[in-house]
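K.L.:
Questions regarding the structure given below will be posed in turn.
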Amino acid sequence: MEYDEDQTIREIESSPDFSKEWLDLWSSPLIYLLFQKNTIVYIGQTKNGLPRIIEHYLKSKKEFTHFKILPCPLSSLNKIEAELIASFLPKYNFILPKNSIWLPREQAKEIIKEIKIFDSFNRVLRTNPWISKIELNGRVYYKKSDLLYIIKVLSKIKIEHTMDLVVQEP
């Protein structure tokens, strides 16, 4: 194939510009969202920038058409990733990262059990349906602030085990 200078110039002119900021993303911490058309199918985080997304493309069984990135301070990766997963519930996310907002069911159960006034974790949940809850492939998570609010309110009151453990939504 012969070199075509005009064709090369057209290709250069139509190719996207990459700034220095693009290079900074190569090794920066970020949150990434993988999309299948218009649907978020996976949300992840990386401390090492774009190579992680390339790894998904080359080695992962996750099907995606494009991605978006959100540069993020290292100290906020878990919190932001957890909140995004809780909001969008992507089909390829199976667990939340450790974070200060959402507690796995077993951890939430232990917190409730520590307060001796409750006779049943399930009863607390059943009588307070406003408690924020998400489920990822069978794993249940509860919003920590909701559980702490219930504990705070009910701990101030002497409760008989026969009373309903209903708390007004904050």
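The values are calculated or read from the model by the stated rules, or taken from the named source; none is laboratory data. Source: prediction; values computed, not measured. Note that each Cβ is placed from the backbone with ideal geometry, even for glycine, and that neighbours are counted across all protein chains shown.
Every residue, every condition in (1) surrounded by fewer than 16 Cβ atoms within 10 Å (Cβ to Cβ); (2) assigned by TED's automatic domain parsing to the domain that holds Leu147; (3) within 24 Å of Glu135 (Cβ to Cβ), yes or no:
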{"residue": "Pro51", "(1), (2), (3)": "yes, no, no"}
{"residue": "Ser60", "(1), (2), (3)": "yes, no, yes"}
{"residue": "Leu74", "(1), (2), (3)": "yes, no, no"}
{"residue": "Glu81", "(1), (2), (3)": "no, no, yes"}
{"residue": "Ile112", "(1), (2), (3)": "no, yes, yes"}
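K.L.:
Another question, if that's okay. Could you say which residue among Glu106, Glu13 is part of a helix (DSSP H, G or I) and either under 30 Å from Val124 (Cβ atoms) or touching a Lys or Arg at 6+ places or on another chain (Cβ under 7 Å) (or both)? First the steps, then the outcome.
P.N.:
Numbers: Glu13 fails: either under 30 Å from Val124 (Cβ atoms) or touching a Lys or Arg at 6+ places or on another chain (Cβ under 7 Å) (or both).
The unique qualifying residue is Glu106.
K.L.:
A follow-up question, please. Do we have any residue at all in the range 72-88 that's free of Cβ contacts under 8 Å to residues at least 60 places away in the same chain, under 13 Å from Tyr141 (Cβ atoms), basic (Lys, Arg) and not in a strand (DSSP E or B)?
P.N.:
no
K.L.:
Of the residues Lys116, Lys152, which single one is part of a loop (DSSP other than H, G, I, E, B), surrounded by fewer than 13 Cβ atoms within 10 Å (Cβ to Cβ) and modelled with pLDDT under 85?
P.N.:
Exactly one residue qualifies, and that residue is Lys116.
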